[in-house]
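Some notes on the structure that comes next.
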Amino acid sequence: MASYGYEAIDKSGKEIKGSIESGSIEKAKTDLKNQGMTIISLTEQNILTKDVQLDFGGKPTSRDLSVFCRQFVSMTKAGVSILEALKMLCEQTENTKLQRALQGVRVSVEKGETLSGSMAEYPKIFPHIMINMVAAGEASGSLEVALDRVATQLERNSKTQGLIKKAMIYPIVVGCVAVAVVIVMLLFVIPAYTDIFDDLGTELPGITKAVVAASDFVQAKWYLLLLAAAGIAALIRYYAGTDSGKHVFGKIALIVPVVKRLVVKSASSQMARTLSTLLEAGVPMVEALEIVSNVMGNIWFKEALVDIKEQVVLGVPLSQPMEASGLFPPMVYHMVRIGEESGNTEEMLNKLADYYEEEVELEVQSLMAVMEPLIILVLAVIVFVLIAAVMAPMMNMYSALDNL
C-alpha cells in the first residue's frame, strides 16, 4: 500500500493535515470522503515526505479491551449508535494503538462492513475470541450480551495473568539485588582487600584466589560480561520463539514439579472459561476449540486441543480425547463427560473455570511460599562465599600468630 499526504476540511470546518494508507489515490479519495472530509490536496508521499510517526504506546492489555467492551455496551444500551459509540470511545481511549484501530474500525463500519469483520482487520489488537464473539453476537442479534461476556472473560484472564506476574516480581527483584551485591563486592570491596592480601605474604586459600581472580576479571573485562549476558539473553529469546524452543520450554514447564501444577491449573482454567464463553455465545464446538487452541500459552496444550478438535470433527465426544491427551487433570474430563451426558456442557465448563481460577490463586500463594526461602538461601550463600573469601586469609594469619 502507498502512503498519501492530504490537506482537508473535516465535518466541523477545521482544516487538517495527515496521511492515509491506500491501494490507489482514487481509493484514498473515496476513504477520505467517507470520513466526511472535503479534500484540498492529496499527493503520494515518498521516503523524504512521508510522515514519521513515533508510537511509544504498547499493545492494549486485557484490561484496556474489557473497559472498551463495558463502555461500548453501556453506550449502545443508552441508545447511542455503533458509529457514534466508536467515535466517542476512540476519543477517550488512552492507548494509541487501540485508538488507531478503533478509527479504522469506524471507517470500515461506515462503509457497511460488520463490526466483527472490521475488527478482524486488526488481529494484533483484537484477540480471536473477541472477534468471534462479536460475530456470533451480530448473527444472533445479541451483540451487547456477547460483548458483556467478552469483557467478563478478559477481566478474568487479566486477573489470572496478574496473579502469575505478581508471583514473579519477588524473585526478579531479589535476583537483581543479588547481582547488584555481587557486582559491588567484586568491583569495590574485594579490590580494597587485595593489597592487604598481598602484604600478608602467605598462601591464599582457594576460595580467596577464586574471588580475587573473579574481581580482577570483572574490573578488566566487564564489557565482555555485558556482551555475553546480552548474547545469551538474545539467543534464549530467539530460541524460545522457534518451534523447537516452544516445545522444549513448554516441556520444562510441565516437568518441574513446583511450576507444573501452576501451568496445568492455569491452562485448565483458561481452556474451560474460553470454551464455555464461546459455546454460550453460539459458536460451534469445532470452531470454539480452534479458537481456544490459539489462545493457549503452552504449545503442548495448544497441540493437544488441535488433536481434540480433529477427534470431535469425527464425532468423538469431547471428554474422550481430553482424557487421552494426558495433559488435563481427571476432574476436567470427568466434569466434561458429566456435562455431555446431562446436556449442559457449558455449565460444567463454567464450574470448572471457577474452580481452577481459585486453584491458580492458591497455587501462586504456594509457589511464593516455596520460592521466598529458596531465594533468601541462595542470596545468603552468595554473601557467605564473598565474606568467607575476605575473612579466610585473616583467620589464617591469626592462626599463624597464635602458633608463634
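The values are calculated or read from the model by the stated rules, or taken from the named source; none is laboratory data. Bear in mind that the values here come from a model prediction, so they are computed numbers and not experimental data. All Cβ positions, even for glycine, are placed from backbone atoms using ideal geometry, and neighbour counts span all protein chains on display. The area values use the complete protein model at the heavy-atom level, side chains included, leaving out ligands, DNA and RNA. Shrake-Rupley method; radii C 1.70, N 1.55, O 1.52, S 1.80 Å.
Could you give the nm distance between label points at Thr152 and Ala192, where each point is 7 Å from its Cα heading toward the beta carbon?
With each label placed 7 Å out from Cα toward Cβ, I get 6.2 nm.
Using a 1.4 Å probe on the protein chains only, how many percent of the accessible area of the stretch 202-277 belongs to carbon and sulfur?
Numbers: 3170 of 4360 Å².
Carbon with sulfur: 73 percent of the solvent-accessible area.
How high is the FRET efficiency between Thr38 and Arg63 when r is their beta carbon distance and R₀ equals 45 Å, given to the nearest 0.05?
0.70
Could you give the length gained on full extension between Ala324 and Lys166, defined as 0.36 nm per residue of separation minus the Cα-Cα distance, in nm? Please report the intermediate quantities before stating the final value.
Details: separation 158, 0.36 × 158 = 56.88 nm, distance 3.34 nm.
Here the answer is 53.5 nm.
Identify all lysines with a Cα-Cα distance to Lys302 below 28 Å; exclude those on the same chain that are fewer than 8 residues away in sequence.
Lys59, Lys97, Lys124, Lys159, Lys165, Lys166, Lys246, Lys251, Lys260, Lys265, Lys351
State in Å² the accessible area per residue of the stretch 266-397; use a 1.4 Å probe, count heavy atoms of protein chains only, and round to the nearest integer.
Values: 6010 Å² over 132 residues.
The answer is 46 Å² per residue.
Calculate the radius of gyration of the Cα atoms of the stretch 73-170 to one decimal place, then report Dmax, the largest Cα-Cα distance, as a whole number, both in Å.
14.7, 50
If each of Met368 and Ile255 carries a label point 7 Å out from its Cα toward its Cβ, how far apart are those two points in nm?
Label-label distance for Met368 and Ile255, simple model: 2.9 nm.
Ignoring ligands, DNA and RNA, please state the percent of accessible area on the stretch 97-155 from carbon and sulfur, probe 1.4 Å. Mind showing how you got there, number by number?
Details: 1190 of 2430 Å².
Of the solvent-accessible surface of the stretch 97-155, carbon and sulfur hold 49 percent.
Under a Cβ-only charge scheme (Lys and Arg +1, Asp and Glu -1), can you give me the dipole magnitude of the chain about the Cα centre, in debye to the nearest 20?
Details: 35 positive and 45 negative charges, 96 e Å.
Taking the Cα centre of the chain as origin, the dipole is about 460 debye.
Applying the Karplus parametrisation 6.51 cos²θ - 1.76 cosθ + 1.60 with θ = phi - 60° to the phi angles of the stretch 86-96, what ³J(HN,Hα) value in whole Hz is obtained for each residue in order, glycine and proline being reported as x?
Coupling constants for the stretch 86-96: 5, 5, 5, 5, 5, 6, 9, 6, 7, 5, 5 Hz.
So if we plug the beta-carbon distance of Ile183 and Met391 into 1/(1 + (r/R0)^6) with R0 = 25 Å, what FRET efficiency do we get, rounded to 0.05?
Working: r = 20 Å, r/R0 = 0.81.
Taking R0 as 25 Å, the efficiency between Ile183 and Met391 is 0.80.
Which of these values of Cα extents along the principal axes in Å was calculated from the structure shown: (1) 99, 66, 37; (2) 75, 55, 35; (3) 66, 52, 41?
Read-out from the structure maps to (1).
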